[in-house]
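J.: I have a structure I would like to understand better, so I am pasting it below and will then ask my questions one at a time.
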Amino acid sequence: MNKILIDLPEVIETSRLRLQMPKAGFGEKLHQAINDGFEDYVQWLNWSANVPGIGAVEEDCRKHHADFILRDFIRYLIIDKETEEVLGRCAFPSFQANWMIPQFGISYFIRRSQRSKGYATEAVHALSILAFRVLKSRKLEIYCDAENVASTKVPIKLGFKLEYVQKGGWPRKDGNLAELQTYSVFSESDLLPAGC
């Protein structure tokens with residue numbers, strides 16, 4: 001499979017959201033989302049403890065645009081269609097992708113002020129449909145820190161099943177090793193609707 005020749009949509013519409021390929025001009029809005037709950041991302045996503053500036057986030061948006069075109073790391077900004085606010089980001093992380101199978105992981109974050117509204121579930125459902133229909137994925141995975149209970153609710157709501165748990169392989173900022181849960185789904189027919 002030549003991944004560069006796969007026609008991926010630059011925009012995906014759901015009932016409330018627009019998933020938008022990162023590009024120039026989104027740095028400031030994404031920066032606001034990143035700052036809204038940044039300490040949580042450091043804890044659960046192993047981000048750097050240093051808050052990036054607006055210029056750095058704008059630069060990242062442009063680099064992520066290039067990654068998207070090359071299919072090296074496929075990311076989408078999660079945007080509220082009504083307010084145009086960037087709510088967070090979702091992606092198929094490159095370290096979880098195996099194009100030979102093909103098999104992909106899904107990652108996501110939602111700004112703190114907009115959590116518990118089903119936005120992550122809606123975005124992940126849209127990415128799952130894209131993976132099965134366009135990328136012809138045979139397996140999708142979501143990694144969750146066992147202590148990040150809010151994040152584990154997303155795959156469970158969508159019909160992903162807990163496949164295995166491993167301790168190690170994912171360091172925490174406090175020096176301890178996370179207990180990483182892997183939730184998997186193997187076909188679109190096993191997915192539950194985002195509203196469940």
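The values are calculated or read from the model by the stated rules, or taken from the named source; none is laboratory data. What you see is a predicted model; the values in this text were computed from it and never measured. For neighbour counting, all protein chains shown are included, and Cβ atoms are generated from backbone atoms with ideal geometry for every residue, glycine included. SASA here: full protein model, heavy atoms, side chains in, ligands and nucleic acids out. Shrake-Rupley method; radii C 1.70, N 1.55, O 1.52, S 1.80 Å.
J.: Take the stretch 45-102, compute every pairwise Cα distance, and split them into 5 Å bins from 0; I just need the percent in each bin.
T.: P(r) over the stretch 45-102, rounded to whole percents: 4, 14, 19, 26, 21, 10, 4, 2.
J.: Rounded to whole Å and sorted largest first, what semi-axes of the equivalent ellipsoid does the C-alpha gyration tensor of the stretch 118-196 yield via the square root of 5 times each eigenvalue?
T.: Values: eigenvalues 118, 37, 21 Å².
In descending order the semi-axes read 24, 14, 10 Å.
J.: Within the accessible area of the stretch 1-129, what % is carbon and sulfur when the probe is 1.4 Å and the other protein chains stay in place?
T.: Values: 3080 of 5980 Å².
Roughly 52 percent of what the probe reaches on the stretch 1-129 is carbon or sulfur.
J.: Continuing with the same structure: Could you pull out every one of the lysines with an alpha carbon less than 27 Å from that of residue 136, ignoring same-chain neighbours closer than 8 positions?
T.: Those lysines meeting the cut-off are 3, 23, 63, 153, 157, 161.
J.: Next question. Roughly how many Å² is the accessible area per residue of the stretch 72-196, as a whole number, for a 1.4 Å probe?
T.: Working: 5800 Å² over 125 residues.
Accessible surface, normalised per residue, equals 46 Å².
J.: Something else: Using Cα-only point scatterers and the Debye equation, what is log10 of I(q)/I(0) for the chain at each q in 0.08, 0.11, 0.15 Å⁻¹, rounded to two decimals?
T.: -0.24, -0.47, -0.93
J.: May I ask you to compute the full-extension gain from residue 32 to residue 170, defined as 0.36 nm times their residue separation minus their alpha-carbon distance, rounded to one decimal in nm? Don't jump to the answer; show the numbers that get you there.
T.: Values: separation 138, 0.36 × 138 = 49.68 nm, distance 2.66 nm.
Full-extension gain reported as 47.0 nm.
J.: Give the Rg (one decimal place) followed by the Dmax (whole number) of the stretch 89-151, computed from C-alpha coordinates and expressed in Å.
T.: For the stretch 89-151, the Cα-based Rg and Dmax read 12.4, 39 Å.
J.: Placing one identical point scatterer on every Cα of the stretch 74-115 and ignoring solvent, what is log10 I(q)/I(0) from the Debye formula at q = 0.27, 0.30, 0.31 Å⁻¹?
T.: Per q value, in the given order, log10 I(q)/I(0) is -0.87, -0.98, -1.02.
J.: Shifting gears a bit: Going by average Cβ neighbours within 10 Å, how do the peptides 104-113, 4-13, 150-159, 23-32 rank, with the highest at the top?
T.: On the way: 104-113: 20.9, 4-13: 11.5, 150-159: 19.3, 23-32: 17.0.
Per-residue mean Cβ counts within 10 Å order the peptides as 104-113, 150-159, 23-32, 4-13.
J.: Points 7 angstrom from Cα along the Cβ direction at residue 14 and residue 100: gap in nanometres?
T.: With each label point 7 Å from Cα toward Cβ, the separation is 3.3 nm.
J.: Pulled fully out, how much extra length does the chain show between residue 46 and residue 133, if you take 0.36 nm times their separation in residues and subtract their Cα-Cα distance?
T.: Numbers: separation 87, 0.36 × 87 = 31.32 nm, distance 3.07 nm.
Between residue 46 and residue 133, full extension yields an extra 28.3 nm.
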